[in-house]
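Data block below; observations after.
Taken together, the values in this text are just the output of simple stated rules run on the coordinates, not laboratory data. What you are looking at is a predicted structure, and each value in this text was computed from that prediction instead of being measured. When we count neighbours, we look across all protein chains shown, and the Cβ atoms used for this are built from the backbone with ideal geometry, even at glycine.
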Amino acid sequence: MLVLRYVFAVILLLFGAIGTYAMLTEGYNPQSEGILLFGKTFRDLHNAIMVSYLGVFVRLSQLFVGILLLTKKYWWIGLLFYLPFAVNIFLIHVIHDNPPVHPGFFASGMVVSILNFILVFYETGRLKQLVVHSQSK
């Protein structure tokens, strides 16, 4: 699971760095992400997030979570922090992108979501232990 966590961290760092750089230098461009291929509902949801302040927040949070996942002490905060993002990504793709219009975009969304789900599920015992340990102090 340690290797899986590091792979997940690198993926998030890459997505966050590339997305943040592109957004800060060029602004949001739906064409670059292939969003124009998707249905109207999916495009509207994605564009509403990426055009608003949430777009920058999502990109920067990927960098933040990627860094946390690489640490020995705070990795679990990164897993829990990214969990709502993973659920959102998963549900948007499953509900609004079925069958997948853009296989690469669908696959990248599923990879980050499923990696987060696997790590949270596998580490549930450790996460509970950390919470109980912190409450006893």
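Quick look at the numbers
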item	result
Rounded to 10°, Cα long-axis angle of helix 53-70 versus longest principal axis of the chain	40 degrees
Along each principal axis, Cα extent of the chain, largest first, Å	51, 33, 25
Net charge, PHE117 excluded, C-beta distance under 14 Å - Lys, Arg +1, Asp, Glu -1	0
Zone of LEU2's modelled label, taken as backbone nitrogen in region 65-105 under 16 Å from a point 7 Å along Cα→Cβ	69-76
Projected label distance in nm at ILE49 and LEU127, using a 7 Å step from Cα toward the beta-carbon	1.9 nm
In the chain, lysine pairs closer than 30 Å at Cα, eight or more apart or cross-chain	5
